[in-house]
Amino acid sequence: MLRYHTHPVTAFAQNCSLVWDDQTMQAAVIDPGGDLPALLAEVARRGLKLEQIWLTHAHIDHAGGTGQLAREQNLPIIGPHPGDQFWIDGLAQQSRMFGFPPAEPFTPTRWLQDGDTVTLGAHTLNVRHCPGHTPGHVVFHSPEIQRAFVGDVLFAGSIGRTDFPGGHHQTLIDSITQRLWPMGDDTVFIPGHGPESSFGEERLTNQYVGGT
């Protein structure tokens, strides 16, 4: 079975997730924004074999630790979509702007496109390109366990910011309604910040996209 554990990292309390196959213990880390010693301690505590880094997007709190982790652990970097190249190029500037430790530059091993898949052990997750918060934002969806790792597209009771460079409000709304909602009301999502919720709950109660 596919399992996951969410570990908040950085001063922004970004929900970094460890995802693994409970038979082989092969694991991926989604959005290693920082606090790498704590993340690696959690990997060791659970007996996981960390094999991949998956990125939803390239804001500093999601991607700041990626270059160092990939270099030290010899891991491939999967994602995001090429639309976030300029955010990757600007990681050093983002580090200074938000008071983060210097972020090592990196080049994704594999860029992702809408409709791609990623594989972990015997498990396959679907990739949806969901721009609006950033142009290259992607979401990882596991129909098997009815979970979606949505980064900063959608939150419990809110949506991602669209006032950063490359953000666009209506594009974000379209991503949510056209690409997340079809995953099903029973799908639970793990946002980039804050508690989990379900798409059904947000369709009923979220002030930004409720009733859509």
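Ranking Gly79, Gly200, Gln52 by Cα position along the charge dipole of the chain, where only Lys, Arg, Asp and Glu carry charges on their C-beta atoms, puts Gln52 farthest toward the positive end. Electrostatic tally near Gly79: other residues with Cβ closer than 11 Å to its Cβ, Lys and Arg +1, Asp and Glu -1, net -2.
For the chain, the per residue solvent-accessible surface stands at 41 Å², with DNA, RNA and ligands left out and a 1.4 Å probe. Charge dipole of the chain (Cα centre as origin; +1 on each Lys and Arg Cβ, -1 on each Asp and Glu Cβ, all else neutral): 220 debye, rounded to the nearest 20.
Leaving ligands, DNA and RNA out of it, rank Thr162, Thr117, Thr187 by accessible area with a 1.4 Å probe, largest first.
Working: Thr162 40, Thr117 60, Thr187 0 Å².
Putting Thr162, Thr117, Thr187 in descending order of accessible area: Thr117, Thr162, Thr187.
A cut-off under 13 angstrom between Cβ atoms defines the neighbours of Pro191, and their net charge, with Lys, Arg +1 and Asp, Glu -1, is -4.
Mind checking segment 115-185 for trypsin sites (Lys or Arg not before Pro) that DSSP puts in a loop (not H, G, I, E or B) and that have at most 15 other Cβ atoms within 10 Å?
Values: sites: Arg128, Arg147, Arg161, Arg179; in loops: Arg161.
Sparse-neighbourhood loop trypsin sites (Lys or Arg not before Pro): Arg161.
According to the square roots a ≥ b ≥ c of the eigenvalues of the Cα gyration tensor, what is the shape class of the chain, taking rounded for a/c under 1.5, prolate for a/b larger than b/c otherwise, and oblate for the remainder? Oblate shape, in that a/c is at least 1.5 and b/c is the bigger or equal ratio. In the elastic network of the chain, a GNM with C-alpha springs shorter than 10 Å, the most mobile of Gln93, Gln23, Gln178 is Gln23. In a shell of Cβ-Cβ distance under 12 Å around Thr212, excluding Thr212 itself, what net charge do Lys and Arg (+1) and Asp and Glu (-1) give? With Lys, Arg at +1 and Asp, Glu at -1, the neighbours total -1.
Put a plus charge on the Cβ of each Lys and Arg, a minus charge on the Cβ of each Asp and Glu, and nothing anywhere else: the dipole of segment 3-86 about its Cα centre is then about 160 debye. Beta bridges from DSSP with both residues in the chain: antiparallel share about 70 percent, rounded to the nearest 5. Take Leu204 and Asp89, extend 7 Å from each Cα along the Cα→Cβ direction, and tell me the distance between the two endpoints in nm. For Leu204 paired with Asp89, the spin-label model returns 4.6 nm.
Please identify, among Ala70, Ala11, Ala27, the residue showing maximal mean-square fluctuation in a Gaussian network model of the chain using a 10 angstrom Cα cutoff. Sorting by GNM fluctuation, first place goes to Ala11.
Calculated [222 nm] ellipticity per residue, helices only, for the chain: -6000 deg cm²/dmol; basis is -39500 (n - 2.57) per DSSP H run with n ≥ 4, divided by all residues, nearest 500.
Dipole size in debye (nearest 20) for segment 31-140 around its Cα centre, Lys and Arg Cβ +1, Asp and Glu Cβ -1?
Working: 7 positive and 11 negative charges, 40 e Å.
It works out to roughly 200 debye.
Which percent of the Cα-Cα distances in segment 84-159 go past 22 Å?
Details: 1066 of 2850 pairs.
Here the long-distance tail beyond 22 Å is 37 percent of all Cα pairs in segment 84-159.
Where the accessible area of the chain is counted over protein heavy atoms with a 1.4 Å probe, how much of it, in %, is carbon and sulfur?
Details: 4450 of 8780 Å².
Ligands and nucleic acids excluded, carbon and sulfur reach 51 percent.
The values are calculated or read from the model by the stated rules, or taken from the named source; none is laboratory data. These figures come from a predicted structure and were not determined experimentally. Note that each Cβ is placed from the backbone with ideal geometry, even for glycine, and that neighbours are counted across all protein chains shown. All accessible areas refer to the heavy atoms of the entire protein, side chains included, with ligands and DNA or RNA removed. Shrake-Rupley method; radii C 1.70, N 1.55, O 1.52, S 1.80 Å.
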